[in-house]
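Below: the structure, in structure tokens.
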Amino acid sequence: MEISDLRIALFSGNYNYTRDGANQALNRLVGSLLGLGAAVRVYSPTVDEPDFEPTGDLVSLPSWRMPVKGRGEYRLPTGFNGKIRRDLEKFKPNIVHLSSPDPSGHAALKWAQEHDIPVLSSVHTRFETYPRYYKMGFLEPAVLWMLRRFYNRCDALVAPSQSMIEELIAQGMHDDIGLWTRGVDRTVFDPSKRDMEWRRSLGLADDDIAIVFLGRLVMEKGLDVFADSIIELRKLQAPHKVLVIGDGPARGWFQDALPGGIFAGFQTGADLGKALASGDIFFNPSITETFGNVTLEAMASGLPVVAAGATGASSLVECGDSGCLVAPGNTKAFAEALAPYCTDHELRTSHGAAGEMNSREYSWEAINRVVADMYVRLVQEREALIAKEMAEEIAA
């Protein structure tokens, strides 16, 4: 079987209406698959004014606005209707890819099983960690149970880092998990994109050391830990400024928690590359990422990284070489890790250069080919199983 023989139905809770790392990876995957000759049909909620144009054919799923404070820009797919079923039956996929364990993902999984079609699920975020950011940590065991039930009904999983694969296995999510890591666009993220005039326009002096936060401004990105760590850093009297790149519903809270912080707002494309390379240190305390696209982009931009030693970052950052990994939530330790970079130009430069060199290993073309090869394997295994069962029935 060739990749060009694949007919892939991809289900996403957010394919293009709000830009994030997960849907950027999915759109790149679809672009690669189409370039290899595969047929792809994407099913996802849609809005009138999405953040960007989708790659490939997109079919709108029924959905509601997320009923969670601070997440109103996201939509919850609510399952299937007759139109979606008819569209699937007309498309005739031979593999189903699920990127979110939401109601439509459950419906697609059930449909695929009814039609004897293999299912691959990609893991993009640590859903089980979300309740703790909304003061509902007691729900975490229940979320883990639901995720375990969902993922074990799939034929295989892919996850974006080896550390995440190990975590999923330890949690009992599946035993067939492939590595679908992430790539970085080196035409956008590169140390050469540093722009001193842009820095000056924000009030940063040429000798200011800018600690960068990059991401959607939502609490599950570790905004509280970031702010508390900066408070601890100020106690150490390490000279620095804070540069926040991004926007989101928690921006007001973050601004109040970071007096004197510079908020550059949402950036994308070349503007994002310029903003990131114009910082000096990247600080990522989040534990919800399965990979950490922003960490890789910061490394490609030549910034040393201080990050939580959690899934994702722990597979990217080499402590003492390209940055420092700190126990999640330890604000004092984060401050102590940031302080040397604020004062030691040689350390900052050498660790930034090492990270930039390591980031060159991440090619989107090779990365996405891994997923295509997994599709082919799963389809061939299912075809072989069906053929075996038919032969046994005939022999009986």
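Out of the residues in the range 383-396 that are surrounded by 10 or more Cβ atoms within 10 Å (Cβ to Cβ) and of a type outside the set (Gly, Ala, Ser), state the one that is nearest to LEU34 (Cα to Cα). Spell out the reasoning first.
Going residue by residue through the range 383-396, those that are surrounded by 10 or more Cβ atoms within 10 Å (Cβ to Cβ) are 383-391.
Narrowing the set further to residues that are of a type outside the set (Gly, Ala, Ser) leaves 383, 385-386, 388-390.
On the way: GLU383: 23, LEU385: 28, ILE386: 27, LYS388: 31, GLU389: 33, MET390: 33 Å.
Selected residue: GLU383.
Within the range 311-358, can you find the residues that are under 24 Å from SER161 (Cβ atoms), in contact (Cβ under 8 Å) with a residue 60 or more places away in the chain and of a type in the set (D, E, K, R)?
Selection gives GLU356 alone.
Confirm whether GLU53 is of a type in the set (Asp, Glu), assigned to a loop (DSSP other than H, G, I, E, B) and over 18 Å from the mean Cα position of the chain (by Cα). I'd like the intermediate steps shown before the answer.
Values: of a type in the set (Asp, Glu): yes; assigned to a loop (DSSP other than H, G, I, E, B): yes; over 18 Å from the mean Cα position of the chain (by Cα): yes.
So GLU53 passes the test.
I need the full set of residues from the range 28-37 which are out of contact with any helix residue (DSSP H, G or I) (no Cβ under 7 Å at 6 or more places or on another chain) and open to solvent by 10 Å² or more (accessible area, probe 1.4 Å), in order please.
GLY31, LEU34, GLY35
Take the residues in the range 1-27 that are open to solvent by 40 Å² or more (accessible area, probe 1.4 Å) and not in a loop (DSSP other than H, G, I, E, B); name whichever of them is nearest to GLY215 (Cα to Cα).
Among residues in the range 1-27 that are open to solvent by 40 Å² or more (accessible area, probe 1.4 Å) and not in a loop (DSSP other than H, G, I, E, B), the one nearest to GLY215 (Cα to Cα) is GLN24.
Select from the range 234-248 the residues that are open to solvent by less than 40 Å² (accessible area, probe 1.4 Å) and not small (Gly, Ala, Ser) and list them in ascending order. Steps first, please.
Just the residues of the range 234-248 that are open to solvent by less than 40 Å² (accessible area, probe 1.4 Å), to begin with: 238, 240, 242-246, 248.
The answer is HIS240, VAL242, LEU243, VAL244, ILE245.
Which condition does ARG251 not pass, out of (1) open to solvent by 20 Å² or more (accessible area, probe 1.4 Å); (2) over 26 Å from SER201 (Cβ atoms), if it passes all the others?
If we test ARG251 against (1) open to solvent by 20 Å² or more (accessible area, probe 1.4 Å); (2) over 26 Å from SER201 (Cβ atoms), just (2) comes out false.
Report, by residue number, each residue of the range 139-186 that is in contact (Cβ under 8 Å) with a residue 60 or more places away in the chain, part of a loop (DSSP other than H, G, I, E, B), open to solvent by 40 Å² or more (accessible area, probe 1.4 Å) and not acidic (Asp, Glu).
Correct list: ARG186 only.
Looking at the range 207-224, is at least one residue open to solvent by less than 10 Å² (accessible area, probe 1.4 Å) and over 25 Å from the mean Cα position of the chain (by Cα)? So that I can check it myself, show each step before the final result.
Of the range 207-224, the ones open to solvent by less than 10 Å² (accessible area, probe 1.4 Å) are 210-213, 217-218, 220, 222-223.
Next, only the ones that are over 25 Å from the mean Cα position of the chain (by Cα) stay: none.
No, that holds for no residue.
Determine, yes or no, whether ILE231 is surrounded by fewer than 21 Cβ atoms within 10 Å (Cβ to Cβ), modelled with pLDDT of 95 or more, of a type outside the set (D, E, K, R) and in contact with a Pro (Cβ under 7 Å, 6 or more places away or on another chain).
It is false that ILE231 is surrounded by fewer than 21 Cβ atoms within 10 Å (Cβ to Cβ), modelled with pLDDT of 95 or more, of a type outside the set (D, E, K, R) and in contact with a Pro (Cβ under 7 Å, 6 or more places away or on another chain).
Are any residues in the range 101-149 modelled with pLDDT of 95 or more and small (Gly, Ala, Ser), and if so, which ones?
Passing the criteria: SER104, GLY105, ALA107, ALA108, ALA112, SER121, SER122.
The values are calculated or read from the model by the stated rules, or taken from the named source; none is laboratory data. Please read all numbers here as calculations on a predicted model, not as lab measurements. For neighbour counting, all protein chains shown are included, and Cβ atoms are generated from backbone atoms with ideal geometry for every residue, glycine included. Protein only, heavy atoms only, side chains kept; ligands, DNA and RNA dropped before computing areas. Shrake-Rupley method; radii C 1.70, N 1.55, O 1.52, S 1.80 Å.
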